[in-house]
2 protein chains.
Amino acid sequence: MNHIEKIDILITGGTLLTLSDGMDMIDDAAVGISGGTIRFACTRAEAPASNPVETIDAAGCAVMPGLVNTHTHLPMTCFRGLADDLPLMEWLHDHMFPAEAKHLNREMIYRGALLGVAEMIRSGTTTCCDSYFYESHVAQAAVDAGVRIVAGRGFIDFTPPDAAELGKKAAAAEKFITKWNPLYPMVTPSLFCHSPYTCATETLQLVKRIAGEAGVPFMMHLSETKEEGEIVRSRYGLKPVRYLDAIGVLGGKTAMVHCNWLDEDEMDLLASSGTGVCHCPESSMKLAAGIAPIPKLLDRGVPVGLGTDGCASNNDLDMLLELDTMAKLHKVSTMNPTVMDAAAALQIATTGGARVLGLQRLIGSVEPGKCADLIVLDMKKAHLTPLYHLYSQIVYACRGSDVRDAIIDGKVVMRNRRLLTLDVQKVMDDVREIADRVRRKD
Amino acid sequence: MNHIEKIDILITGGTLLTLSDGMDMIDDAAVGISGGTIRFACTRAEAPASNPVETIDAAGCAVMPGLVNTHTHLPMTCFRGLADDLPLMEWLHDHMFPAEAKHLNREMIYRGALLGVAEMIRSGTTTCCDSYFYESHVAQAAVDAGVRIVAGRGFIDFTPPDAAELGKKAAAAEKFITKWNPLYPMVTPSLFCHSPYTCATETLQLVKRIAGEAGVPFMMHLSETKEEGEIVRSRYGLKPVRYLDAIGVLGGKTAMVHCNWLDEDEMDLLASSGTGVCHCPESSMKLAAGIAPIPKLLDRGVPVGLGTDGCASNNDLDMLLELDTMAKLHKVSTMNPTVMDAAAALQIATTGGARVLGLQRLIGSVEPGKCADLIVLDMKKAHLTPLYHLYSQIVYACRGSDVRDAIIDGKVVMRNRRLLTLDVQKVMDDVREIADRVRRKD
């Protein structure tokens, strides 16, 4: 008698984009999932006999790894479209910081994050990396919705930190890591410093040291605007990446967000130190902050992931749209249409992101042994017809609303566009209530 | 007894964005339509008593004029994603021209156009301006689907034209205009020369003269790439817009497509001559062709409309995504986040397009007396929550799939995302068959 595999979920039919190192594409595929792990990913003909609890028919669909959003501030859904078409510093200091000062609380954080998570699932993201205030409440929202998260406890200095303040920061960092590290497989704690112009050198060094000792990711915003580089240069006499190198905060398990303003030497330093980059093209376009030199970073072997940034500066969390814009933006900004092809763009949004977050052994591709984080795209639509090349179609024609099913950690979280882990109507109503308060300036 | 208005369709509730000169926004609105014309557009409280044949409940929705796509090649849906990530001239000469030479026929044109029209309705476009081979078959597809079209009969010189050839071109132009001009209110015939580097001076002058005499729009591609300008300069000793001015083809009812490479003098000439510009940002990003100086053209009062270009270079016809990309691209390319706000972007995609096509008295805004071309956007979605500012939400967060209903010329062509004028399944199957032939290189 043949062995029958015990399988929780079998995805059958459709074309599988593995995003493996060999970029294998498998027609008429079968993906077997059990215990949160991918057991096999092959053609239907090659698949072992199995008796799945649930079968997902993916005929006419594309099956691929879930997208990895390496940078967002989920609770900012509450401020989506509150203040647009403004310069970054005016947007930040006259609108975002005041709104946050007035309306931030644990309830707003949780509710806003839940809405963000709902939007992400509906547009194909299965792992996100977030940073905000009260980050534990963001992590909780992700856990409740069944989304994988790298949750970044944020640090910012509103006044220069003294020893007592640094002690408090250290305690907060350690408490956050201890809270989330061992118990929640869907949550990777991390530490996030706002930027080199809003954090003192001592804070950056302290937070980086604690992250390194705990083996969790360390991240920060870097060189989003040109002005920011000038502040760092005038304060420390060094350009930003040289400054970060001098104070010892570059390295592995470390990623810098934005990096719109880097010179060749800074790019070399990021590469030689093993530091990753989170690229948020739409946010930096909308704020007129700049265009990160991503093709040059990729040429140097710098790990690059894609991110949407928060909803207040994008104004959505749709990674499939972000992909499309990213590929087109780099073509026109370098005047080279071959500089980032569709496959390269998809790699950045999956395996690249996984690498930046230090999760490359767990997620980013569909291969036996990896976590079962997959999405099924319905390709049987007018705007996706005809179909010549799947990478092109996904990058240049698909959008979030084409994602039909989403599986995270072996659990179906969306089936036929219906979210199974959240009551979206209630989630939306809860945020509308918060927005009413913001609007009334309560 | 009060007068009861005879109304075919009453749209009731929701917020109406009129896109009128005053940019009026009306909450809890009522729009009355009869005989293809908007009869009233006001608050529900102010609406006259009416006995509508059909009522559309737009509560929680945005109601606005249908989008105007000023430049596309609809049948190129057949080549969507066939050849991507290539330089423009290689894409055109090694892929598009050969595919067209082999597969172009009346059936392909009609079927491909029908698919394009289906995609456009589903993403909120109610008027398009097209140019391709066998353009009458494109116009017929638009008529059959109930979409308003400016259909451009194309002209290109593969060899230098002699008198006989010019005579044939004149006859073809006149025949096309005569065929479509009087009988079809949904079709505006126009004449389209491919470009100044693929059409002889005599051809441009002849076609422009015939268009002018018939009072129909004259259009052409212009300065898409930098190289193109160099060809014109070396051939005629003048930069492109100066050359076109010298041979007399600028003016009213005339629009130039792309215009990525213009100097200040050329922009002044377009403005002083009353020539319009069709802007296709995504296509020019993807082909790394360049970025048109749209803010400078708008400052000079040049009429500017938005277009998606064909599906082979975009790769979709979604004007809501094009809007978003346009607004963000100009912010980052000028490093000025205030250079094109959300309202300005929406104006370009509606009233601006109408002006470029010479249809500003008929379409582009929701006002009594104008053609009833409207769309209803469902704003009750996770990625559109909360809602602070409607222009921002539509430009930066909506996409084509948020369009719920579409009305063109007073007829409902899409209701609850179901197309009423087309069998989309058959339309997709027909194009898949064509794609099979293209793939097999039959």
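The values are calculated or read from the model by the stated rules, or taken from the named source; none is laboratory data. All figures in this text were calculated on a predicted structure; none of them were measured in a lab. Ideal geometry is used to build each Cβ from the backbone, glycine not excepted, and the neighbour counts take in all protein chains shown.
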Subject >> Residues that are under 16 Å from B:Ile375 (Cα atoms), surrounded by fewer than 23 Cβ atoms within 10 Å (Cβ to Cβ) and in contact with a Ser or Thr (Cβ under 9 Å, 6 or more places away or on another chain), drawn from the stretch B:41-55 >> reply: B:Thr55
Original post:
Taking B:Met379, is it more than 9 Å from chain A (Cβ to nearest Cβ), under 21 Å from B:Asp57 (Cα atoms) and among the hydrophobic types (A, V, I, L, M, F, W, C)?
Top reply: yes
Subject >> Residue match in the stretch A:176-184 (condition: more than 19 Å from A:Ser131 (Cα to Cα) and either in a helix (DSSP H, G or I) or outside the structural domain of A:Gly301 (by TED's automatic domain parsing) (or both)) >> reply: no
Original post:
Taking A:Ile33, is it outside the structural domain of A:Thr126 (by TED's automatic domain parsing), outside any loop (DSSP other than H, G, I, E, B) and not acidic (Asp, Glu)?
Top reply: yes
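Could you say which residue among B:Asp373, B:Asp378 is surrounded by fewer than 24 Cβ atoms within 10 Å (Cβ to Cβ), under 15 Å from B:Ile11 (Cα atoms) and in the same structural domain as B:Ala59 (by TED's automatic domain parsing)?
Answer to the check: B:Asp378.
Check every one of the helices (runs of 4 or more DSSP H) wholly within the stretch B:191-277 and list those with 1 or more residues that are assigned by TED's automatic domain parsing to the domain that holds B:Ala164 and basic (Lys, Arg).
B:201-214, B:226-236, B:240-246
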**OP:** State whether the residues of the stretch A:257-270 include one that is at pLDDT 95 or above and within 18 Å of A:Ile149 (Cβ to Cβ).
**Re:** yes
**OP:** Identify all residues within the stretch B:273-289 that are closer than 18 Å to B:His194 by Cβ and within 14 Å of chain A (Cβ to nearest Cβ); write none if there are none.
**Re:** B:Cys280, B:Ser283, B:Ser284, B:Leu287, B:Ala289
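Inside the stretch A:382-394, can you point out the residues that are assigned to a helix (DSSP H, G or I), in contact (Cβ under 8 Å) with a residue 12 or more places away in the chain and within 7 Å of chain B (Cβ to nearest Cβ)? Give the steps one after another, and end with the answer.
Step one: of the stretch A:382-394, the residues assigned to a helix (DSSP H, G or I) are A:382-384, A:390-394.
Now restrict to residues that are in contact (Cβ under 8 Å) with a residue 12 or more places away in the chain: A:383-384, A:390-394.
Passing the criteria: A:His383, A:Ser392, A:Gln393.
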Original post:
In the list B:Val431, B:Val424, which residue meets the criterion of being within 7 Å of chain A (Cβ to nearest Cβ), farther than 28 Å from A:Met120 by Cβ and in contact with a Lys or Arg (Cβ under 6 Å, 6 or more places away or on another chain)?
Top reply: B:Val431
Original post:
Given the stretch B:293-376, what helices (runs of 4 or more DSSP H) lie entirely inside it while holding 3 or more residues that are without any contact (Cβ under 8 Å) to a residue 40 or more places away in the chain and over 30 Å from B:Val431 (Cα atoms)?
Top reply: B:294-299, B:319-334
Original post:
Is there a residue being within 13 Å of another protein chain (Cβ to nearest Cβ) and among the charged types (D, E, K, R) anywhere in the stretch B:120-130?
Top reply: yes
Original post:
Do you know which residues across the stretch B:209-249 are within 20 Å of the chain's Cα centre (by Cα), over 21 Å from B:Pro281 (Cα atoms) and of a type in the set (A, V, I, L, M)?
Top reply: B:Ala211, B:Val216
Original post:
What's the number of the condition B:Val412 fails, among (1) more than 7 Å from every other protein chain (Cβ to nearest Cβ); (2) surrounded by fewer than 22 Cβ atoms within 10 Å (Cβ to Cβ); (3) β-branched (Val, Ile, Thr); (4) touching a helix residue (DSSP H, G or I) at 6+ places or on another chain (Cβ under 8 Å)?
Top reply: (4)
Original post:
When only residues in the stretch A:9-27 that are among the charged types (D, E, K, R) and under 27 Å from the mean Cα position of the chain (by Cα) count, which is surrounded by the fewest Cβ atoms within 10 Å (Cβ to Cβ)?
Top reply: A:Asp21
**OP:** Go through (1) within 22 Å of B:Val150 (Cα to Cα); (2) surrounded by fewer than 18 Cβ atoms within 10 Å (Cβ to Cβ) one by one and return the number of the condition B:Ala246 breaks.
**Re:** (1)
Subject >> Any pair with Cβ under 7 angstrom, 6 or more apart, that starts in the stretch A:128-143 at a residue that is farther than 14 Å from A:Ala118 by Cα and in the same structural domain as A:His221 (by TED's automatic domain parsing) and ends at one that is assigned to a loop (DSSP other than H, G, I, E, B) and at pLDDT below 95 >> reply: A:Phe133/A:Leu104
**OP:** Hand me the list of strands (runs of 3 or more DSSP E) wholly inside the stretch B:48-125 holding 3 or more residues that are within 22 Å of the chain's Cα centre (by Cα) and at pLDDT 95 or above.
**Re:** B:61-65, B:67-72
